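Just so it is clear, none of the values below were taken in a lab; they were calculated from the coordinates. Remember, it's a predicted structure, so these values are computed and weren't measured experimentally. Methodologically, a virtual Cβ is constructed for each residue, glycine included, from the backbone with ideal geometry; neighbour enumeration extends over all protein chains shown.
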Ligand SMILES: C[S@@+](CC[C@H](N)C(=O)[O-])C[C@H]1O[C@@H](n2cnc3c(N)ncnc32)[C@H](O)[C@@H]1O
């Protein structure tokens with residue numbers, strides 16, 4: 001398949017929420033429509049906003065995207081969107097749920113793409129061994145160009161995925177973490193209802209952003225750049241070799257000392273200032 005020149009990845013919008021890729025449509029949906037509507041063979045539900053799409057395109061403007069991993073599939077819209085926009089050589093998607101997504105299965109099984117698109121159901125994003133097996137099998141020795149984590153949005157799980165997949169990015173590759181700020185958004189749902197049953201009592205994902213900032217300072221050879229907006233984090237891979245499963249905290253320093261791991265016991269005499277504390281859940 002002919003590869004589109006980088007910087008020339010137009011999004012064929014036909015309305016503010018609907019994209020038409022030559023007959024395969026992708027609709028941007030937010031809750032509750034996101035939960036209620038279903039994908040069909042030529043129409044897929046995508047759980048992202050237009051501003052997230054625009055920011056993704058800006059942040060990947062000069063990125064070559066041969067090998068992509070999409071973590072969190074839901075109704076399949078992100079797999080279709082990433083395939084139609086980036087035309088990767090291989091796109092691997094990971095989803096914890098085991099239920100088939102028929103429209104996505106049909107889309108991936110099409111003869112024009114069935115050797116390039118692979119969806120793994122029943123895989124937990126925190127299962128680093130499974131992620132490693134999948135990457136070794138699907139990408140062989142090739143590094144990844146782009147990872148998008150839009151799965152649980154929980155700290156431990158998201159951090160585990162980062163440990164497994166970030167080292168597999170090539171230098172200059174991009175790691176995207178969506179919806180990092182759920183513990184801090186001002187709306188009542190997030191503050192009064194604590195994000196509902198799903199997020200209530202969970203550690204904020206912003207702890208990972210703090211760690212990524214420290215990692216960027218302490219080990220720029222691994223992590224060249226971290227940028228973020230109110231919804232999404234963009235992490236650019238540096239050139240240093242890194243083994244999958246690396247421990248972030250061994251590269252984070254504060255005044256020459258290793259920054260304590262999240263959740264470590266804190267001495268009563270120690271005064272912690274941001275960015276070394278754990279936000280309350
Ligand atoms: C926000 S939806 C993904 C939406 C999709 N990326 C899109 O843009 O349309 C999150 C998905 O992640 C899945 N998920 C949640 N926790 C997970 C975990 N621990 N491992 C893998 N997938 C998980 C959920 O089942 C759900 O399908």
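For the residues 204, 88, 102, a GNM of the chain with alpha-carbon springs under 10 Å puts the largest fluctuation on 102. Distance between the pseudo-spin-label points of residue 129 and residue 54 (7 Å out from Cα toward the beta carbon): 4.6 nm. Across the range 162-181, the residues whose backbone nitrogen lies under 12 Å from the label position 7 Å along the beta-carbon direction of residue 64 are 170-173. When 237, 96 are arranged by Cβ crowding within 10 Å, least crowded first, meaning fewest neighbours, the order is 96, 237. In this rough spin-label picture, where each label sits 7 Å from Cα along the Cβ direction, the residue 115-residue 247 distance is 4.3 nm. As a rough footprinting exposure proxy, the listed residues 194, 163 were ranked by other beta carbons within 10 Å of their own, and the order from fewest upward is 194, 163. Note on the range 78-141 and the range 164-212: Cα centroid distance 22 Å, given to the nearest whole angstrom.
Gain on full extension, evaluated as 0.36 nm per residue between residue 156 and residue 217 minus their Cα-Cα distance, stands at 19.8 nm. The antiparallel fraction among DSSP beta bridges confined to the range 1-134 stands at about 30%.
How large is log10 I(q)/I(0) at q = 0.17, 0.26 Å⁻¹ when the Debye formula is applied to the Cα atoms of the range 1-84, each weighted equally and without solvent? Taking Cα atoms of the range 1-84 as identical point scatterers yields -0.71, -1.53. For the modelled label position 7 Å from the Cα of residue 170 along Cα-to-Cβ, which residues of the range 71-109 have backbone nitrogen atoms closer than 16 Å? Of the residues in the range 71-109, 86-92 have backbone N under 16 Å from the label point off residue 170.
Summarising the strand pairing of the chain, around 45 percent of its internal DSSP beta bridges are antiparallel. Relative to one another, the C-alpha centroids of the range 215-231 and the range 234-258 are positioned 10 Å apart. Peptide packing for 210-220, 36-46 was compared via the average number of neighbouring C-beta atoms within 10 Å per residue; ordered from the highest value, the list is 210-220, 36-46. As a ratio to 2.2 N^0.38 Å, the alpha-carbon radius of gyration computed for the chain takes the value 1.01. In this label model, residue 13 and residue 100 are separated by 3.6 nm, measuring between points 7 Å along each Cα→Cβ vector. Here the Gaussian network model covers the chain, with springs between Cα atoms less than 10 Å apart; of 166, 228, 81, 228 fluctuates the most.
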